[in-house]
1. Taking the Cβ of each residue in 198, 164 as the centre, tally the other Cβ atoms inside 10 Å and list the residues starting with the fewest.
2. If neighbour count is taken as other Cβ atoms inside 10 Å, put 166, 129 in order from fewest to most.
3. Starting from the amide H of residue 130, placed 1.01 Å from N in the peptide plane, find each other amide H under 5 Å away whose residue is 5 or more places distant or on another chain.
4. Once the piece of chain linking residue 238 and residue 250 is laid out straight, how much longer is it, given 0.36 nm per residue of separation minus the C-alpha distance between them?
5. First measure r as the distance between the Cβ atoms of residue 51 and residue 123, then evaluate 1/(1 + (r/R0)^6) with R0 = 25 Å and state the FRET efficiency to the nearest 0.05.
6. Residue by residue through region 113-123, which ³J(HN,Hα) values in whole Hz follow from phi under the Karplus form 6.51 cos²θ - 1.76 cosθ + 1.60 (θ = phi - 60°), with glycine and proline marked x?
7. Step through the residues of region 79-93 one at a time and calculate ³J(HN,Hα) from phi using the Karplus curve (6.51 cos²θ - 1.76 cosθ + 1.60, θ = phi - 60°), rounding each to whole Hz and writing x for Gly and Pro.
8. Evaluate E = 1/(1 + (r/R0)^6) for residue 104 and residue 140, where r is the Cβ-Cβ distance and R0 equals 22 Å; express this FRET efficiency to the nearest 0.05.
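Since every read-out is calculated from the coordinates, none of them should be taken as a lab result. Source: prediction; values computed, not measured. Please note: Cβ atoms are built from the backbone with ideal geometry, for glycine as well, and neighbour counts cover all protein chains shown.
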Amino acid sequence: MDTTTQVLAILTLLLGLVMTTIVPQFIRRRRDVLRLRPQAAYASLDLVTAQAVESGQTVLVGMGSTGIGGETTALALAVEAVAYQTLIRAAFGDRSPVITVSDATGLALAQDAARRAYRYHGAIAPRGTARWLPAGPRSLAYAAAMTAYISGDGAQAQVLVGRFGTELALMGEASVRRGGTVIAASDQLDGQAVAYAFSKHALIGEEIFQASAYLSESAVRRGEAVAVDALRWILIVAIILLAASRILNTGG
């Protein structure tokens, strides 16, 4: 690693440390200083869940094969935040929302999201709000069960965020055929491609991890989201400067 690369790497790390430490605290004190960039999926969640509640339809949340204790732990925690914020908005309807997961270790997270969402409204989560479906990555049994929920329970709103593969197409097709609305995202490339095709408002990349920033009143979470966006641009500039430096040195 040459000197220029070392300097840029050190500066990027220092800026990253400063941004992630100072920006959230600054925004917590002055919330209106910086605004989050628009995010259509999170912005549409209130309307999607409200329409389902008003029409007496079930709101269906799918976490896929995310669980804790393995490589999907960080994703599972992020997906729980999405599920929690969705259930808060749907927990007061005539029909209880349903949250499903196909990894047994993720069931505890699903149950906790349901419990906290109903406690937010001063109520107790009904039995069966969190459900485990047949396990396994890319589980066709899970996709078949979810398709049955969409068809049988009249679930017009689906939030399918987690680890999904191409089996997500079965759920998306069932929803679109019945005029439902899908908000979807996956950490798998093939699953994300399907999510983008079927969802009017797909989440992409690190946007899965920003649910608390967009859907809650936490100023610290908003600050973290702003810091991540700023770091993205800092990294882009650093890469451009490094590439330009290499080109100039080569040319010289």
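1. 198, 164
2. 166, 129
3. 99
4. In short, 2.5 nm is gained.
5. Rounded to the nearest 0.05, the efficiency is 0.70.
6. 4, 5, 4, 5, 5, 6, 5, 4, 9, x, 10
7. 5, 4, 5, 4, 5, 4, 5, 5, 5, 4, 7, 10, 6, 9, x
8. Numbers: r = 18 Å, r/R0 = 0.81.
Taking R0 as 22 Å, the efficiency between residue 104 and residue 140 is 0.80.
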